[in-house]
Structures are given as structure tokens and as C-alpha cells.
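> I'd like to ask some things about the structure below.
The values are calculated or read from the model by the stated rules, or taken from the named source; none is laboratory data. Everything numeric here is computed off the predicted structure, so don't read it as measured data. Please note: Cβ atoms are built from the backbone with ideal geometry, for glycine as well, and neighbour counts cover all protein chains shown.
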Amino acid sequence: MEDNKKELTENIEMTPEEKKKKRKKKILAIFLPVISLILVVVIVVGGFLLHKLSLVDIVDDESTTIDATQEFIEEENEVIDFAEMDDATGNDFREILKNWAINGGDKMSSQNVINILLIGSDSSSEVNGRNPITDKGNTDVMMIVSIDKVNEKIRLVSLMRDSYTYMDQFDRYAKLNAACSNGGPAYLVETIENDYKIEIDGYVLVDFDSFTQVIDVLGGVEIDVPAYIIKQMNKAIVEVKGKEITNFKGGVMTLDGKQALAFSRIRYTDADGDISRVARQRQVINALIDKCLDASLSEINEVADVILANVRTNVSQKSILSYAAQAVKDGWAKFEIVEITMPTPDTRYGYSSKSTAWIWVVDYPLAAQKLQLELYGDTNIVLDEGKRKTAITVVGGYVSNKTTD
């Protein structure tokens, strides 16, 4: 009784914003990849967990060996014309990316840190010409969910889709979001590990079809939509056969699943492109979290069925059960949430080619060092404190020589 009274007193003393932030952290922890509402099932219905897990497509011993002779799928406006870059850099740009990716550097790991890659794919049953291994499209959402059990932090690391990288098994260069559609989710994990020199314990892939279904199950989400993006939004809505937005002057409105998906994915309405899109994605996620706070048990159950039936993962059922048990026992829902974007502003440089392609040129050694420090509090990467030749500097950009924050 005293405990309940104490908790009630604490809640009264908190401001509405503090209460909302506290609730959001708890719900966000529940929605972590791997668990994907499994914690809700564990807490509420206990033994129902195994039935829910049977809905998940769990992939065992997935190979990352790729048939390099297959056609490499890449959007026409994303193919870089290297002739102009070679004239300026003498091929140094490509060599720097390749040498870093294949240098065999040790990838950091810790028994106290769990890294799971959350992948949001634009695929659906209607997508043609995709790799038969996955039938999954480009991955516009790539986020490492890193659970630090010692420091009690959950770090959400958003990876920029336009980061240019070397893909060893294809011996070619492309944007990071093309790795999954051509090599599968396990190959995307391998590519990220090569660039950032960290170990990823598994992936969870969810297609955007389930994203729209979840929002519709919950009756839509409330979003503050600026008027200037409506035209571009409607173009994206038409592509997915959704209901266009008409006679709207901007402001808060309820978006259905397909409208919210369009809002999350458009990137040609802002000067900073993918940066604003990532911000819109977080806006939708926050709105979705708010909606889940008021969801009934039957709605949560339906949401769980939609998500889990559309999940593909290489995390074993045994590991999922272990993570869920640890989450409940150690109180992951109370962990501090930290948001990180990689590459960071001082390790990326926007580059546009004559072929109209736009990419992030990345100083991967510095970016990898920064990410290791964020996740583990330590790094195995030693950089020259003097002037370094990086992928950014060879294309005429600038990057700080500072190796730590």
C-alpha cells in the first residue's frame, strides 16, 4: 500500500511532459527489435509467447556468400559516374573505401552489449526483379538497437541510407541501402560490420506493408504536416494506391497507414534530403508510440500478430526468449534512450555527381571510431592525429582531424 502511495506521489509531482517522456521510454523499450511486442505478450499473457513466436520467420544459418554474377539492382539516379571522380582524385576515393572495408580490422564486441539491426524494407509481394534470396527491396530504415546492460542505456543508431560504401562480394560501390536488396539482410549486416568495425548479433527485418497495417489497426496517427510537402506526399501516396490529401493547408491531421508511410519516406522536399526524412520517421514513431499508450489489449494483440507475421530474423528462438527474460528481469524499460545518427555531421560530406546521383561520402575510420566509443566506451581504432587523407578530403570536402568528441 505504501509502495502504491509512493508511486502515486511521484506521478503527481512529475510534470505532464515528464510523465509523457517516461511512458514513451517504457513503450519504446517494448517495441525494440527482437522483442517486437513480445514483452507485452510476456507480461500480459505469459504462456502465449511461444504461439506468437511461431508467427516469426526465423532463418537458421543464413549464408552471406553471394552469387557475384547476378544482376546488381540499383536505381538509375543512384549510380555514380566514376569517370569525373577519377579525373579529380586519381581513383583515391574508391581505394580508400575499399581498403577500409576489407582491411580485416577486429570488430568490437562485448558480452554486456547486444546489437540488433532493425531493417525497414520497401518491399512487397508486388516488387519485381529482386534478389530471390530475400525478395526484399531497398532498406530506407536501418537502425542498430544497442542494449548496454551495464550502463543501462539503449542506443538507437540510425544509419544513413545514402552512405556510399564498398561491397566486397560484388566488388563494386553503392549506397548502403542497396546491400540488402542485392545480397540479403545478412549481407547488409556484414557490410555495416566491415564499415564500422563492430559485431552485430542479428537482424530483424520488417516490410513497410506491416507498418501501414499497424497504423490502420490503431486508427491512424496524429501528425503535424507542413503544407509545403503535401504535393510530394500525394505523389508517394498514389504509388501505393492510397487516399490523397486534398484541400489541406497544413497543420495537425490524422494520417492512415499509407499516408503515414508516404510522410515518412519522401526526401525531395527539403534541402537536407535524408536528414529531414529521418526526422519525419521519428515524428511518426513518436505519434505511433502515443497511440499505443491508449491501445486496448485486443488492439495490441492484433498489432503483435501483424508485426510478427511480417518479421524475418536470424535471431534464434532461444535467443529471443533469453532477451525477453533479461528485459523483464533487468528492467530494460527503464534504460535511458540515446539517439545517434551515423555517419555523424563531422564524418560525412554530401556529394552530387554530374550523373545527378547524390551520396554521403563518409570518413569511415573516424565514424567507426566514434561509434565504437559510443557503444563500448572504448575503441581499437588508432588514427593519425595529423592531416589524414580521407574519402572526404579527396573529393574536396573537409573533415575534422579530431579523433574523439
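> Return only the number of the condition from (1) surrounded by 15 or more Cβ atoms within 10 Å (Cβ to Cβ); (2) at pLDDT below 80 that residue 312 does not satisfy.
Here residue 312 clears every test but (2).
> On to the next question. Which residue, of 357, 367, is crowded, with 16+ Cβ neighbours inside 10 Å and modelled with pLDDT of 95 or more?
367
> In addition: Taking the condition among the aliphatic types (A, V, I, L, M) and closer than 19 Å to residue 65 by Cβ, does residue 189 pass?
So residue 189 passes the test.
> Any idea which of 323, 349 is among the aromatic types (Phe, Trp, Tyr) and either assigned to a helix (DSSP H, G or I) or under 19 Å from the mean Cα position of the chain (by Cα) (or both)?
Exactly one residue qualifies, and that residue is 323.
> For residues in region 65-108 being acidic (Asp, Glu) and at pLDDT below 70, which is nearest to residue 369 (Cα to Cα)?
86
> Within region 380-397, take every residue that is out of contact with any Phe, Trp or Tyr (no Cβ under 7 Å at 6 or more places or on another chain) and within 12 Å of residue 93 (Cα to Cα) and give me the one that is surrounded by the most Cβ atoms within 10 Å (Cβ to Cβ).
390
> When both residues are 6+ apart or on different chains and their Cβ atoms are under 6 Å apart, which pairs have a first residue that lies in region 367-383 and is in a loop (DSSP other than H, G, I, E, B), and a second that is surrounded by fewer than 19 Cβ atoms within 10 Å (Cβ to Cβ)?
Short answer, once both residue conditions are applied: 379/373; 380/106; 383/403.
> Then there is this: List the residue pairs whose Cβ atoms are under 6 Å apart, where the first residue sits in region 317-344 and is over 30 Å from residue 366 (Cα atoms), the second is assigned to a loop (DSSP other than H, G, I, E, B), and the two are 6 or more positions apart or on different chains.
Note: pairs meeting the criteria are 320/34; 323/34; 324/35.
> Can you list the helices (runs of 4 or more DSSP H) found entirely within region 173-289 that contain at least 2 residues being hydrophobic (A, V, I, L, M, F, W, C) and without any contact (Cβ under 8 Å) to a residue 60 or more places away in the chain?
Per the criteria, 230-239, 257-265.
> If you don't mind, there's one more thing I want to ask. If you check 300, 320, 340, which single one turns out to be of a type in the set (Val, Ile, Thr), surrounded by 17 or more Cβ atoms within 10 Å (Cβ to Cβ) and more than 19 Å from residue 144 (Cβ to Cβ)?
So the residue among 300, 320, 340 that is of a type in the set (Val, Ile, Thr), surrounded by 17 or more Cβ atoms within 10 Å (Cβ to Cβ) and more than 19 Å from residue 144 (Cβ to Cβ) is 300.
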